[in-house]
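Below is one structure, written out as structure tokens; comments come after it.
The values are calculated or read from the model by the stated rules, or taken from the named source; none is laboratory data. Everything numeric here is computed off the predicted structure, so don't read it as measured data. Cβ sites come from the backbone with ideal geometry, for glycine too, and all protein chains shown count toward neighbours. Each accessible area value is taken on the protein alone, full model and side chains, heavy atoms only, with ligands, DNA and RNA left out. Shrake-Rupley method; radii C 1.70, N 1.55, O 1.52, S 1.80 Å.
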Amino acid sequence: MSALLVTAAPQHATTRLEPLTPEAYRAHLARSGTARPSFLQLPSWAEVKDGWRPQLLGWGTGDGTLTGVALVLLRPFPGTRKYFAYLPEGPVADWSDPDLDGWLTPLLQHLRAAGAFAVRIGPSPAFRRWNAATLKAHTGPGRRLSDVLADEVDPLGTAVAERLRARGWRRCGGDSTSDSDGADAQPRHVYQVPLAGRTADDLWSGLNQEWRRNVRKARKSGVEIVVGSAADLPEFYRLLGITEQRDGFRLGRSLAYYERQYAVLNAEEPGRMRLYLARHEGETLAAHTMITVGRRVWYQTGASADHRREVRPSNALQWRMMLDAHAAGADVYDMRGIPSTLDPDDRAHGLLRWKLGTGGQAVETLGEWETPLDGRTNHTLYRAFQAYLARR
């Protein structure tokens, strides 16, 4: 693939941006020991997302050394030749660099030339963290995460937010935690269980009493946990439909979507995506998917039946997945999205309560940030795009 070079402003003349092959992109991630990419920034994810035109880009310093990479997904704006550019949980770059212009400027120039009217990114630094004990102590009517003083505030996340805001980027959903639910395409609030430096006994001790009781009950009831295969995806999808109807949400994904995801992620690296099944008396009662990239592991999607819930198949599944992530040397077990509500009467709070039982941390990421690109037409299309999102 020929390289399209885009040079930044003169003070950053040594930084350039060029298209990469999937092989060069993956080689950079393998060489970069400090890079902790999301699975949404892998080359294989481009094959998962139907309807988007992907680009794999890399920043270099002129001597052939890459300093960062990005998967960009371009979505056409109906009736135009313009695109909305999306970098899910990316780019994979040095966010600690105080001079973001050194690599953001070439990116924006390149995307404008490619026909993009606006760009959305997902910076990787965390913003705030709350321990499980803190949130349990502050659960109450009408309460939200924003009402609780965080146990940790990440100075890098704070600095990145200030730098982006100074450059005209807008945080999707604004800065209020209470207004952010649903504003980002990816969850702003996630739940993480730290694994680094802990033993399996430490993890067990970290579970609350209810979780330990449920895991024991599943074991005593004869719940069996197995790693499935692509042949089990239809059963997973059937259970997902039951879960969506029971819990009042709709992901809107087809069986073909999960089959494609399973195929392309595992083609990139065997075992990257796993399907775990909880079986009881020969019947599959729950099925969860797990994704591994380096020393990061995500619990992605969970599904369960409406009956025999008393044997606690989902608790048994999560415990097995957590142990497998720990045995594989993962630093963190990411349980993905949580709501920001701490109100026990709010239906959405049940998901947070369940995850709190693992003893980890609620994490507010920086969320997603947008900016229109230069030009009157681009700004007009961006306003129309925002109006469309507001009506959804």
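Per residue, what accessible area does the chain have, given a 1.4 Å probe and all protein chains present, in Å²? Walk me through the numbers before you get to the answer.
Values: 17610 Å² over 392 residues.
Dividing the accessible area of the chain by its residue count gives 45 Å².
Applying the Karplus relation 6.51 cos²θ - 1.76 cosθ + 1.60 with θ = phi - 60° to the stretch 371-387 yields 3J(HN,Hα) values of 8, x, 8, 4, x, 4, 4, 4, 5, 5, 5, 5, 5, 5, 5, 4, 5 Hz, where x marks Gly and Pro.
Suppose the chain between D202 and T21 were pulled fully straight at 0.36 nm per residue; how much longer would it get relative to their current alpha carbon spacing?
On the way: separation 181, 0.36 × 181 = 65.16 nm, distance 4.22 nm.
That works out to 60.9 nm of additional length.
Leaving out ligands, DNA and RNA, what percent of the accessible area of the stretch 175-260 is carbon and sulfur, probe 1.4 Å? Show your work: numbers first, answer last.
Values: 2150 of 4550 Å².
Carbon and sulfur: 47 percent of the exposed surface of the stretch 175-260.
Distance from the C-alpha centroid of the stretch 85-152 to that of the stretch 222-258: 29 Å, rounded to the whole angstrom.
Packing-based ranking of 302-310, 327-335 yields 327-335, 302-310, ordered from highest to lowest mean Cβ neighbour count within 10 Å.
Compared with the dominant principal axis of the Cα atoms in the chain, helix 209-221 is inclined by about 60°. Averaging the Cα positions of each part gives two centres, and for the stretch 354-392 and the stretch 264-325 these lie 29 Å apart.
Sequentially through the stretch 338-349, phi angles give Karplus couplings (6.51, -1.76, 1.60; θ = phi - 60°) of 9, x, 8, 7, 10, 8, x, 8, 7, 4, 5, 5 Hz, Gly and Pro residues having no value and appearing as x.
Relative to the longest principal Cα axis of the chain, at what angle does helix 101-113 sit, 0 to 90 degrees, rounded to 10? Relative to the chain, helix 101-113 is tipped by roughly 80 degrees.
In order along the stretch 22-32, the Karplus-derived 3J(HN,Hα) couplings, from 6.51 cos²θ - 1.76 cosθ + 1.60 at θ = phi - 60°, round to x, 5, 5, 4, 5, 5, 5, 4, 5, 7, 8 Hz, and Gly and Pro are given as x. Leaving ligands, DNA and RNA out of it, report the carbon-plus-sulfur percent of the accessible area of the stretch 317-362 at a 1.4 Å probe. On the stretch 317-362, the fraction of accessible area on carbon and sulfur atoms equals 51 percent.
Relative contact order of the stretch 81-191, taken over Cα pairs closer than 8 Å and 6 or more residues apart, is 27 percent. The angle between the Cα long axis of helix 255-268 and the longest principal axis of the Cα atoms of the chain comes to about 70 degrees, rounded to the nearest 10. If I compute solvent accessible area with a 1.4 Å probe over the protein chains, what percent of it on the stretch 119-158 is carbon and sulfur? Its accessible area is 54 percent carbon and sulfur atoms.
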